[in-house]
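The values are calculated or read from the model by the stated rules, or taken from the named source; none is laboratory data. These numbers come from a predicted model, not from an experiment. Cβ atoms come from the backbone with ideal geometry, glycine included; neighbour counts cover every protein chain shown. We work out accessible area using only protein heavy atoms, side chains counted, and drop any ligands, DNA or RNA first. Shrake-Rupley method; radii C 1.70, N 1.55, O 1.52, S 1.80 Å.
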Amino acid sequence: MGQMLENPCYDVNLTYEENYRRGPFGRFAEILKRHDSRYSSDDEEHNGEARKVRVEQSSFMGFAVNKPFGIPAGPLLNSHFTDAAFRLGFDMCTYKTVRSRAWACNPFPNVLAIHPKTSTGFITAGSPETEEGLLADTRYQEPLSISNSFGVPSQDPDVWQPDMQHAMQHAGSGQLLIPSFQGSRIAGMSTAEYVQDHVIAAKLIMETGAKLVEMNTSCPNEGPGSLLCDNPDLVGEICEAVKDEIGDVPFMIKLAYIPDDSTLQHMLDVTVGHGSVQGIVAINTISARLVDSRGNQALPGVGRERSGVCGHAILQSGLDMVSRLDGIRKRGEYNFSIIGVGGVANADDYRNYRSRGADAVQAATAAMWNPDLAASL
């Protein structure tokens, strides 16, 4: 178990707001400082050095990409973060999930190191350890797993819309910026109003000139422990309303780990099967109870007994989900693209996801601490 050597691009010792204003950090920051001007489509510099443009490119949902690998929604808070990620060779970067309104972050701290007791370091949704409590502290070691307890904060659209446009414009040749959004559940809001809030957020994203859209269904929307994707029929209703708004623009949804095959099938039936969704991103975090060394609640505050866990601990669950999605696709029922996410830390993990059927792969936790991850594939 070796200590991580790189300083992460997101400083876990600072608040979300400080990271948004001052970040990124570590070598993500260094590569930005090497260039006075912002990244442009004519700049083919990654890893701080000029390199030859790749002649052969992959294709993802009709878009040319140098390598179908990047960073999912989460660590890339604004265009400064996405600029650095593109320069470091992460060719498919998802802009931090936005909302139709400003939304505050959960109280600090939001990130802690997680230490599963299993010999593999993996966890499964609903397992005894995730219910009894996973040890959470500040010892960030490989293989790295962390908490994700932010609550999907968002700037006001007047802030994120122009910044998202900058992020898109700074993608280089063979690189893709993916906007991500989700709806906001407000006390007293009707189901119809909740559906409409997703449509409003999608419309705001389309105003930035987005060519591809991702909707997050896998973070708490309706209270602690409740995910939108726990209700496939509501997801289907929202997706149809959003698709009516965005038209022919390819539409993806991000899912949590769904252990039951019939539920996963139903989710595809009411989304891909209805023609509203063209891609699935999986998986998001796995929920777990977090405790400190004394067995007390690790993250302070009411309703924060549990947190999403990401990184190495969810690798096997992510691979399993992608395999099952690809199995449904191979049976010829539906045609859709798959982005595999969860626990990717090296080239072997990337290849494993690809062999399981992922059309593209993204890494969050490992990419935060290892700026050379994309270049190593």
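Worth pointing out:
- The DSSP beta bridges internal to the chain are antiparallel in roughly 45% of cases.
- Other residues whose C-beta falls under 13 angstrom from the C-beta of Ala104 contribute a net charge of 0, scoring Lys and Arg +1 and Asp and Glu -1.
- Three-way shape label, the range 133-236, alpha-carbon gyration tensor, a/c 1.5: oblate
- Accessible area per residue for the range 107-153, computed on protein heavy atoms with a 1.4 Å probe, is 44 Å².
- Accessible area in square angstrom per residue, the range 160-226, 1.4 angstrom probe: 35 Å²
- Three principal axis extents of the range 293-357 based on alpha-carbon atoms, in descending order, are 49, 27, 15 Å.
- More than 13 angstrom apart: percent of Cα pairs within the range 326-377: 58 percent
- Structure-based [θ]222 nm, the chain - -39500 (n - 2.57) summed over DSSP H runs of at least 4, per residue, nearest 500: -9000 deg cm²/dmol
- Relative contact order %, the range 312-377, counting alpha carbon pairs below 8 Å whose residues are six or more apart: 34 percent
- Using only the C-alpha atoms, the convex hull of the range 164-207 corresponds to 67 Å³ per residue.
- For the range 237-341, the mean projected area of the C-alpha convex hull, equal to one quarter of the hull surface, is 8.4 nm².
- Among Lys67, Lys96, Lys33: highest mean-square fluctuation, GNM of the chain, C-alpha pairs under 10 Å: Lys33
- Protection-proxy order for peptides 320-327, 257-264, each taking the mean of Cβ atoms within 10 Å per residue, highest first: 320-327, 257-264
- Sequentially through the range 275-280, phi angles give Karplus couplings (6.51, -1.76, 1.60; θ = phi - 60°) of x, 8, 10, 10, x, 10 Hz, Gly and Pro residues having no value and appearing as x.
- Pairs beyond 22 Å (Cα-Cα), from Lys243/Lys330; Lys67/Lys203; Lys33/Lys67; Lys67/Lys211; Lys96/Lys330: Lys243/Lys330; Lys67/Lys203; Lys33/Lys67; Lys96/Lys330
- The residues of the range 298-377 expose on average 35 square angstrom of accessible surface per residue, using a 1.4 Å probe on protein heavy atoms.
- Of all accessible heavy-atom area on the chain, the percent that carbon and sulfur account for (1.4 Å): 48 percent
- The Cβ shell under 13 Å around Leu255 holds other residues with a net charge of -2, Lys and Arg each +1, Asp and Glu each -1.
- Calculated P(r) tail over 39 Å for the chain, as whole % of Cα pairs: 9 percent
- Rounded D (µm²/s) - the range 86-173, Kirkwood Rh over Cα pairs, Stokes-Einstein at 20 °C, 1.002 mPa s: 133 µm²/s
- As a length-normalised measure over Cα pairs under 8 Å and 6 or more apart, the relative contact order of the range 237-377 settles at 21 percent.
- Most mobile listed residue (Gly273, Gly318, Gly70) in the chain, GNM with C-alpha springs under 10 Å: Gly273
- Cβ-defined net charge surrounding Tyr20, 12 Å radius [Lys, Arg +1; Asp, Glu -1]: -1
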